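Below you'll find the structure, written out as structure tokens, and then a few comments.
The values are calculated or read from the model by the stated rules, or taken from the named source; none is laboratory data. Since the structure is predicted, the reported quantities are computational estimates derived from the model, not experimental observations. Cβ placement follows ideal geometry from the backbone for every residue including glycine, while neighbour counts extend to all protein chains displayed.
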Amino acid sequence: MRPLITALGLLVAWELLVRLTRVPPYILPPPSRVASVLIDRFDLLLEQALWTGAEMILGLVLGLVLGSALAVVFAASAGWRRWALPLVIVSQAIPVIAVAPLLVLWLGYGMASKVAMAALVIFFPVVSSLYDGLRRTDEGWLELARTMDAPPRAILLQIKLPAALPAFASGARIAAAVAPIGAVIGEWVGASAGLGYLMTQQLARGQTPLAFAALFVLCLLGLGLYTATDRLLRRLVPWQSFQGD
Amino acid sequence: MADLVVPSLSVRDARIAFDGHLVAERLSFDMPAGRTTCLLGRSGVGKTSLLRHLAGLLPDTARAAPLAYMAQQDRLLPWLSVLDNVLLGYRLRGDDAARRAAEPRARALLAEVGLGDRLSALPRTLSGGMRQRAALARTLCEDRPVILMDEPFAHLDAVTRLDLQDLAVRLLAGRTAVLVTHDPLEALRVGHEVRVLHGSPFTVGQAIVPPGPAPRDPGDPALLALQAQLIRDLRGIA
């Protein structure tokens with residue numbers, strides 16, 4: 001309830017600021033104006049939101065699957081670790097935004113380049129959190145497994161992997177929070193649909209209120225994605241208790 | 001149990017080092033088959049290293065026989081139910097037929113340790129004593145002829161500890177068990193033989209055989225006299 005009151009207070013302050021300073025709406029539209037655009041153009045916004053939402057979810061799933069797979073491979077194979085892990089780390093030095101035009105060039109203006117972009121952004125937090133978790137298995141559990149004559153595969157799948165799920169969950173939460181960045185950057189660079197595309201297009205035309213409305217929907221989308229992911233992860237790791245809950 | 005060949009355990013001219021630090025040298029002694037030997041020593045003397053040596057958990061060591069190992073911590077997996085934790089060895093070895101065959105015994109053992117009604121509970125919903133009892137059931141469910149226990153009851157309150165000692169004596173009967181402890185009374189209540197570890201690098205003292213069958217009454221004057229002697233031993237030399 002309290003964050004809602006804070007948000008409401010900020011909106012009122014914004015409205016007052018715009019009215020008192022008489023900033024033109026193409027520079028900074030008042031919230032009331034954005035709200036009315038939000039209602040008038042709801043169909044358009046919903047259509048674009050579905051498109052961007054699909055990009056985010058597909059990118060998130062792709063990044064989680066690829067990132068998890070690579071983390072497991074790194075944990076299981078010293079060869080892969082030696083040959084490919086440094087590359088994954090170095091690849092993070094390349095700014096994702098710089099790669100975006102290339103992805104559009106290769107994968108086109110459609111959804112694929114945005115999905116790839118989102119997957120690329122979330123790939124690293126997923127790999128590093130899960131790999132880290134896989135390496136930090138409680139020594140006592142591993143010892144127990146060894147005295148039980150467990151084969152290495154069973155140790156990985158039945159002990160290391162579940163034990164790493166809380167670490168994976170942290171990475172997946174970050175992934176859910178940054179997946180929208182990937183999708184929107186992709187849309188800015190070159191797209192024919194989506195909320196990011198709508199924003200750049202409307203800003204160029206001086207339709208700032210609609211751009212703000214798109215931004216607002218984008219925020220809701222990101223929030224929804226994060227909340228849904230968080231819920232799912234809590235179900236995945238029911239034995240973990242959170243402090244401050 | 002009936003078809004198990006229960007071996008004795010021997011340490012012959014062993015050198016035990018942990019983290020580059022020499023714990024024991026030219027160590028030789030025997031632990032009789034089908035009996036419980038308690039190794040008593042102060043903290044840091046090297047009891048755990050000796051047990052890990054026996055378990056083949058130290059580098060360049062091999063274990064003497066198929067064994068089950070119980071540590072100070074319960075080491076229950078938090079994502080598995082109590083029953084699945086007790087059957088962990090069978091799950092890890094991936095032998096489904098053996099697991100199905102072992103399940104009735106797992107249930108019986110859990111009933112015996114007083115957890116018969118908590119089979120599907122997750123470990124974090126159990127108290128420390130219940131968790132350690134589940135760990136005891138897991139150790140015994142492995143059905144190995146040799147059982148090594150590293151201060152298994154150290155973290156428990158006095159009464160729970162006594163209860164678990166009674167339980168362990170009953171369930172360990174017929175197996176070769178080695179129980180490491182820093183508590184003289186625990187060693188005297190549970191062990192067929194008690195040996196004191198002292199010095200650095202440590203040496204293993206002569207076997208002390210407490211009178212009467214285990215679990216022994218903690219109020220028995222003979223036992224208390226032995227306890228006083230063991231405490232003097234531990235204090236004086238170690």
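Miscellaneous remarks
- Within segment A:146-162, residues that are within 9 Å of chain B (Cβ to nearest Cβ) and under 13 Å from B:Ala68 (Cα atoms) sit with their Cβ atoms under 7 Å from residues that are surrounded by 15 or more Cβ atoms within 10 Å (Cβ to Cβ) and of a type in the set (Asp, Glu), at 6+ positions apart or across chains, in these pairs: A:Met148/B:Glu142.
- Of the strands (runs of 3 or more DSSP E) lying entirely inside segment B:110-216, those containing at least 1 residues that are under 18 Å from the mean Cα position of the chain (by Cα), within 20 Å of B:Leu40 (Cβ to Cβ) and within 14 Å of another protein chain (Cβ to nearest Cβ) are B:146-150, B:176-181.
- Residue within segment B:28-39 that is surrounded by fewer than 22 Cβ atoms within 10 Å (Cβ to Cβ) and over 17 Å from B:Ile147 (Cβ atoms) present: yes
- In segment A:7-31, the residues that are farther than 20 Å from A:Leu218 by Cβ and hydroxyl-bearing (Ser, Thr, Tyr): A:Thr21
- Some residue of segment A:172-189 being under 19 Å from the mean Cα position of the chain (by Cα), in a helix (DSSP H, G or I) and within 14 Å of chain B (Cβ to nearest Cβ): no
- Residue match in segment B:200-208 (condition: of a type in the set (Phe, Trp, Tyr) and either outside the structural domain of B:Leu27 (by TED's automatic domain parsing) or touching a Lys or Arg at 6+ places or on another chain (Cβ under 7 Å) (or both)): no
- Subset of segment A:127-144 that is closer than 20 Å to A:Ala71 by Cβ and either within 7 Å of chain B (Cβ to nearest Cβ) or part of a loop (DSSP other than H, G, I, E, B) (or both) - its residue that is nearest to the chain's Cα centre (by Cα): A:Arg136
- Answer from A:Ile57, A:Ile39 - the residue that is buried (at least 16 other Cβ atoms within 10 Å of the Cβ) and β-branched (Val, Ile, Thr): A:Ile57
- Lone qualifier among A:Leu62, A:Leu120, A:Leu58, A:Leu66 - being in a helix (DSSP H, G or I), more than 12 Å from the chain's Cα centre (by Cα) and not β-branched (Val, Ile, Thr): A:Leu66
- Number of the condition not met by B:Pro210 [criteria: (1) in contact (Cβ under 8 Å) with a residue 40 or more places away in the chain; (2) closer than 21 Å to B:Phe29 by Cβ]: (1)
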